[in-house]
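Each remark here refers to the structure printed beneath this line.
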Amino acid sequence: MLPGKGRFAFIALPALIFFICLLSSPAQAKDDWPAPSQEELALKDNPASPGAHAMILYRESTSDDRLGVRTDYIRIKIFTDEGKKYADIEIPFYHGIESVNEIHARTIHPDGKVVEWDGKVFEKLLVKAGGFKFQVKTFTLPEVQPRSIIEYKYRIQHDSRFISNTTWDVQEDLFTRRALFTVRPNTILGALYWRAYRLPEGTEPQKQKDGSMRLEVQNVAGLEKEQNMPPPSELRGRLEFFYRDNPSETMEEFWKRVTKEGAKNTDNFIGNRSAIRQAAVQVVAANDVPEVKLQKLYARAQQVRNLALDQGKTEKEEKREKLKDNDNVEDVIKHGYGSSPDINRFFVALARAAGFEADWVRVVPRYQNFFHPELQDVRQLTADVAVVRLASKNVYLDPACNFCPYGFLPWYETGVGGVRLNKQGSELINTPAPKSAEAIMERKVDVRLKADGDLEGKWVVNFLGQYALEHRQDERTQDDTGRRKDLTEKIKKWLPANARLEIKNVTGWEGSTEPLHIEGTLTLPEFAASTGRRLLLPLTVFDDGHSVYFQTAQRKHPVYLLYPYQTVDEVSLELPEGFRVESLPKADSTPATSAAMYQVSCKQEGNQLRIVRRAGLEGIYFPLEYYGALRTFFHNMKAKDEEKIVLQSIQAAQRP
Amino acid sequence: MRKKLSCSQYKPRNARSLVLCVLSLAWIGAAGISRAAAPEWLRTAARESLPNYPKETVAVLLLSEQMTTVRENGEIETLYRRAYKILRPEARERYGTFAVDFDKDTRLSNMKAWCLPATGNEFEVKEKDAVETGFSEELYNDTHHKVLTIPAAVPGNVIGYEYVQRKRPYVLQDEWWFQRTIPVRRARFWLKLPAGWEFDSFWANFKGPDLRSNGENQYVWELENIPAIEPEPGMPAWLALAGRLAVKYFPRDPSLREQNRASWESIGKWYAGLIASRRDATPEIKQKVSELITGKTNALDKMKVIASFLQRQIRYVAIEIGIGGYQPHTAGEVFTHHYGDCKDKVTLLSTMLHEIGIESYYVLVDTNRGIVLPEFPSAMSFNHVILAIRLPEAVTGEGLFASQNHPKIGRLLFFDPTDPYTPLGYLPSSLQKNYGLLIGPEGGELVGLPLLPPASNRLLRTAKLTLNLNGTVSGEVEEIRWGAPAADQRALFLRTAPAERAKVLEHLLGSSLAGFALTKATIVGLEEYDQNLVVRYEFVAQNYAKTAGTLLLIRPRVLGNKGSDVMEKQERKYPVEFAEATLHSDLFEFTLPPGFVVDELPAPLKTEFEFGKYSSKVEARGNTLRYERLYEIKDVTKENFTQLKKFFQQIAADERSNAILRREAP
């Protein structure tokens, strides 16, 4: 469904603009449709990119920031039955802030016959709460068939007291053959700037004689979704506009300017306060080495109750607690609670009081987006960490993050950009990139194989680093029963469907540095396939689970993982009586320099088999050109994992 | 519970995130703390002594109460009350937020909720604190929902809410669904009727208690300690298992009383009234019929072309306002727009068939088996409409599996024009062995819908493969499907953009193979829904056969998984329901690499139960290995879990079995 789009980042508009809005823009006439060409009518597929359900033949979006008006026109060619869904149109709008009107639509058959739309529009309420009302205008087009052309247009009038920053989503989910965008700036707001993302080289808007900006693009591929892809906003070709007062300001100057106030506020919040100095003295000993001091201060900051963890609470519950805001770090001590920024700034204050060079850092978390400083938009910076100078290194820490151990950042704050707020103003920084050694999963199995092929025994799983942090955070609000159920479901996914699994013990839920340790028992009925004289069993007990992401040969986008990882499996398998090893898979390993690591070995020690397997990926972002190599790696790994241990019945072998 | 005939299950459910968004917004309560004044009914419920529940139990429904007052004018006012004791954290998400429907015919009032924390200090929230949404999967539906979140729905606390719905229903019936996925400590249903009115009641899936009179024409049913129905994989529809009480009310006026008697016949008459004059053919419809049947000489071909027109050229779009949830648009409107919902499509199809001299009848159905109960006629049992087409005697064509004889009308062919991929002659799986209310000329008649034979839902897979010395398997596969497997596969391919369809095949192969490359693929009959769907492809799978010393181990079952997760549990409470009766067969031939001979082959397997059978065998013929198997499900429901488990365990073991080849000594 192609909605009418807008990014609603409202900024107050001077009252002067109000009277301008009283001027009405020329209404679009119902019958001023551009005539479809014979070629458009005859199209059976997209010649530039065959095999889609539909394509956008033409889009035109015209904004006038002086009037707060945008008109959109879209013409779509339908190719398949599935593509008919594009004939159901929804135009979202905020009731009371904007209005959608002058909606016109029609269907054109391949023979050129025009079927007029009956004009029936439904207003569907999506959400109404606390004076806020979000609705859609919805309608559908008649007689839509494969090869039909549908087209519609409408006008959105924003409330004159607000204006939305214009964003041109040049790349839609559907292929766009041609699109024209125009924005007429409101010079009262300053000079209009723009930033282009993922657009072909040289694609940029042109300033027109009347002051408007205009961009025409052709043959823009549709944005398709794939598993393990970067955030769609990082891939979608778009142009973002914004107003600035000072046209000559550089990006660096912008960040210094806009963060100056933030740095000052931060300094005021932190200050140089006696209560903080006392708190720091209480925590550290004079003879502690710097790193121990820092660890103790970190532990102290982590004791502060993070109000962000109360997310499930309703407003009434919060109000009943009568929580007061923290105006400074002393309030954090006094109240014993704070927001994530409060806690991290409290930690910075403690560190400074203990003699460290420490600053507060605003960052863009990876679960949201990547940092684009050139966009000159402070709203990107929605998370925060602390940075402390220790010896000659900067150590990034996030004590506000529940269960996050010292020396560690949660995955979404690793390898991200941000702004360090210091006395000099600000500095653009990047947090350290994540490493596979920071996310390790150990799986140990001690099992006995029975002559009928059943496998039974004990197992242990240790989650370390990011794995442990992620589990602890995900299960934070769960009780023991819920946690065991979730863990059981997770571990069962590594095993054949008929596996019987019981968790006997779990430790480490409440800590942050120790592994999350799970142990239990396991029965795998008919794990080894009996052939009569032999038992065949796969080399690995646990499935790796990653190869499923690499089944398709073609891929459109880079592979993007949350964090690099290592898996270490150790299996100790007791052989059944009456069987001897006939054949074991050979050891295998990837080159040490490879970003993708795999090693496996299987050895016989008496009546035991010892299988050791290590696998992992170093890196989180794999450009498209590496997809083939990555796919081959996972396919080869899966094939190796499926190699068979062959046991022979001694009795059968002795038969003549 | 309100049901409409809108069949939204055919719409892609891609907007759940929006619903979640709405629910999450419901956390935003209105500002200000009102002093809580929890009602006595909630305090009483909170004091209930509770039996020991399994530790997995997330909450217990302490009280579920429904108080229905029927007024002389047919208006019904119902007070709903619920009280929960929260036992585990995940209950907050499931029970801490509730939603109530309303529309222009159903007024909502007195919506309130409370929390009685174990530590005291109660909370109260009211209707003004609720979030309102009109979100629906239809293009438009006039039903709105108020969503309210109750504070502090955490373990140890008791929460409760009540609201009143006032409506004048189209049918004088009510349903009380008292069983849940959590245990219910106490459930009560009150009924207050005007003097002289009568009622009829029916218990489904539950043995109800004796009726208590509670004053003049006032009645109450009360249940205690109702067990939870916990979801199990493969179980029938949850609603088909849950206990419910259905009640019909009969006015004092004898004529109205008869009208509301709610026999299947009278429900049919009521619906016949709604569809009267909806099937008038306009000149445009007549012209279209004439155009469609040009060149078609027999009735079946004409029926097929019209049915296909409805399936493919009338787009599914649901717009429901008031009675529009039950009453179709006129055939003329549907044809003009070329869109409509299930009842609209049935209306136009029936109209067009009439133009070629073929009569047809609306059939009201529920898309879940077990909801429609023959013993209790109810207009609230249906959520979908299909068509029964009276087959002319001349129509004797094969492949009309979904037909059966009706003693008065003759041979009827059931057809669902809303299902885009199930052609004339077949019936969507969920409707088979189900019930439908046939809206005939003399009213309604409940009829059983046919279960199509296994051979009508067929997958025939053959492969010619070559195994080389290093274990690589390559070759070509042909899969021929008809019936339900064809409809399912078509849906999968057609919903995917043509350029991406190879990926569908790769994902399917990926469930059986590691390290494969799809080298060629063609699909035949994808757009011809009444033809077999034939998929031919070629692949190379490196390291498929595993080398072990001088042995080469190969799993003959290269493709296709018949395994089922019903094996996972040690025991289960509910039957397993299969989608349809079906018959699948695989025939794979491997050319073996030179120098290898067969050392060991898996033993043949043959197993048969009342509900299904399975057989497989591997044979060596010269340098060829031949694997053959057959999988048949004969019926759709099976209660004997022991048999079922054994059946699938044998299949799973067979699917893992290997043939062992040995390198011959030089």
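Entry remark, the stretch B:338-373: residues being of a type outside the set (A, V, I, L, M, F, W, C) and under 19 Å from the mean Cα position of the chain (by Cα) number 7 in total. Is it the case that residue B:586 is more than 14 Å from chain A (Cβ to nearest Cβ) and either under 16 Å from residue B:470 (Cα atoms) or out of contact with any strand residue (DSSP E or B) (no Cβ under 9 Å at 6 or more places or on another chain) (or both)? Judged against the criteria, residue B:586 is not a match. For residues that are assigned to a loop (DSSP other than H, G, I, E, B) and out of contact with any helix residue (DSSP H, G or I) (no Cβ under 9 Å at 6 or more places or on another chain), scanning just the stretch A:460-503, find the one that is surrounded by the fewest Cβ atoms within 10 Å (Cβ to Cβ). My answer is A:493.
When you check residue B:544 against the structure, is it within 14 Å of chain A (Cβ to nearest Cβ), more than 19 Å from residue B:658 (Cα to Cα) and surrounded by 22 or more Cβ atoms within 10 Å (Cβ to Cβ), yes or no? No: the conditions fail for residue B:544. Out of the stretch B:194-215, which residues are modelled with pLDDT under 85 and either surrounded by 14 or more Cβ atoms within 10 Å (Cβ to Cβ) or not in a strand (DSSP E or B) (or both)? Matches in the stretch B:194-215: B:210, B:211, B:214, B:215.
None of B:516, B:578 is aromatic (Phe, Trp, Tyr) and within 10 Å of chain A (Cβ to nearest Cβ) except B:516.
Residues of the stretch A:561-596 being surrounded by fewer than 19 Cβ atoms within 10 Å (Cβ to Cβ) and outside any loop (DSSP other than H, G, I, E, B), which ones? Matches in the stretch A:561-596: A:568, A:570, A:572, A:574, A:580, A:581, A:588, A:589. In the stretch A:357-386, the residues that are touching a residue at least 60 places away in the same chain (Cβ under 8 Å) reach residues that are acidic (Asp, Glu) and part of a loop (DSSP other than H, G, I, E, B) with C-beta atoms within less than 9 angstrom, at least six apart or across chains, in these pairs: A:376/A:249. Screening residue A:602 against (1) within 14 Å of chain B (Cβ to nearest Cβ); (2) crowded, with 20+ Cβ neighbours inside 10 Å; (3) modelled with pLDDT under 95 leaves a single unmet condition, (3). Return a yes/no flag: does the stretch B:279-290 have any residue that is part of a loop (DSSP other than H, G, I, E, B) and under 19 Å from residue B:187 (Cβ atoms). No, the stretch B:279-290 has no match at all. Residue check: residue B:471 meets all listed conditions (1) of a type outside the set (Lys, Arg); (2) within 11 Å of chain A (Cβ to nearest Cβ); (3) more than 30 Å from residue B:596 (Cα to Cα) but one, namely (3). Out of A:379, A:362, report the one residue that is within 28 Å of residue A:240 (Cβ to Cβ) and not in a helix (DSSP H, G or I). Selected residue: A:362, the only one of A:379, A:362 that is within 28 Å of residue A:240 (Cβ to Cβ) and not in a helix (DSSP H, G or I). Taking the criterion of being more than 20 Å from the chain's Cα centre (by Cα) and of a type in the set (Phe, Trp, Tyr), would at least one residue in the stretch B:330-337 satisfy it? Yes, the stretch B:330-337 contains at least one residue that is more than 20 Å from the chain's Cα centre (by Cα) and of a type in the set (Phe, Trp, Tyr). The criterion of being within 14 Å of chain A (Cβ to nearest Cβ), on the phi > 0 side of the Ramachandran plot, in contact (Cβ under 8 Å) with a residue 12 or more places away in the chain and assigned to a loop (DSSP other than H, G, I, E, B) does not hold for residue B:561.
Each row is one residue, and each column tells you yes or no for (1) modelled with pLDDT of 95 or more; (2) away from chain A (no Cβ under 14 Å); (3) surrounded by fewer than 17 Cβ atoms within 10 Å (Cβ to Cβ).
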| residue | (1), (2), (3) |
| --- | --- |
| B:267 | no, yes, no |
| B:273 | no, yes, yes |
| B:293 | yes, yes, no |
| B:324 | no, no, no |
| B:348 | yes, no, no |
| B:353 | yes, yes, no |
| B:360 | yes, yes, no |
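Filtering the stretch A:176-187 for residues that are within 14 Å of another protein chain (Cβ to nearest Cβ) and either modelled with pLDDT of 95 or more or outside any strand (DSSP E or B) (or both) leaves an empty set. When A:516, A:537, A:522 are checked against the criterion of being touching an Asp or Glu at 6+ places or on another chain (Cβ under 8 Å) and crowded, with 19+ Cβ neighbours inside 10 Å, A:522 stands alone in meeting it. Counting just the residues of the stretch B:301-313 that are buried (at least 22 other Cβ atoms within 10 Å of the Cβ) and among the aliphatic types (A, V, I, L, M), which one comes out farthest from residue B:140 (Cα to Cα)? So, considering only residues that are buried (at least 22 other Cβ atoms within 10 Å of the Cβ) and among the aliphatic types (A, V, I, L, M), the one farthest from residue B:140 (Cα to Cα) is B:303. Regarding residue B:265, is this residue closer than 29 Å to residue B:324 by Cα, part of a strand (DSSP E or B) and of a type in the set (D, E, K, R)? It is false that residue B:265 is closer than 29 Å to residue B:324 by Cα, part of a strand (DSSP E or B) and of a type in the set (D, E, K, R). Of all residues assigned to the stretch B:615-629, none qualifies as being in contact (Cβ under 8 Å) with a residue 24 or more places away in the chain and within 30 Å of residue B:241 (Cβ to Cβ). Considering each residue of the stretch B:390-399 in turn, at least one proves to be out of contact with any His (no Cβ under 9 Å at 6 or more places or on another chain), part of a loop (DSSP other than H, G, I, E, B) and surrounded by 19 or more Cβ atoms within 10 Å (Cβ to Cβ). Among the criteria (1) at the interface with another protein chain (Cβ under 10 Å from one of its Cβ atoms); (2) within 18 Å of residue A:98 (Cβ to Cβ); (3) surrounded by 19 or more Cβ atoms within 10 Å (Cβ to Cβ), the one residue A:143 does not fulfil is (2).
Would you confirm whether or not the stretch B:633-648 contains a residue that is surrounded by 15 or more Cβ atoms within 10 Å (Cβ to Cβ), assigned to a strand (DSSP E or B) and modelled with pLDDT of 90 or more? There is at least one residue in the stretch B:633-648 that is surrounded by 15 or more Cβ atoms within 10 Å (Cβ to Cβ), assigned to a strand (DSSP E or B) and modelled with pLDDT of 90 or more. Within the stretch A:67-91, the residues that satisfy the criterion of being surrounded by 20 or more Cβ atoms within 10 Å (Cβ to Cβ) and in contact with a Cys (Cβ under 9 Å, 6 or more places away or on another chain) are A:67, A:68. Looking across the stretch B:86-108 at every residue that is of a type in the set (A, V, I, L, M), within 27 Å of the chain's Cα centre (by Cα) and within 13 Å of chain A (Cβ to nearest Cβ), the one that is nearest to residue B:76 (Cα to Cα) is identified as B:99. Whether a residue is at pLDDT 95 or above, surrounded by 21 or more Cβ atoms within 10 Å (Cβ to Cβ) and within 30 Å of the chain's Cα centre (by Cα) was assessed, and residue B:80 does not pass this test. Among the residues of the stretch A:32-76, the ones that are assigned to a strand (DSSP E or B), small (Gly, Ala, Ser) and more than 30 Å from the chain's Cα centre (by Cα) come to 1 in all.
In the stretch A:392-427, of all residues being over 22 Å from the mean Cα position of the chain (by Cα) and farther than 22 Å from residue A:290 by Cβ, the one that is surrounded by the most Cβ atoms within 10 Å (Cβ to Cβ) corresponds to A:421.
The values are calculated or read from the model by the stated rules, or taken from the named source; none is laboratory data. This structure is a prediction, so every number in the text was calculated from the model and none was measured. Every residue, glycine as well, gets a Cβ built from its backbone with ideal geometry; the counts of neighbours run over all protein chains shown.
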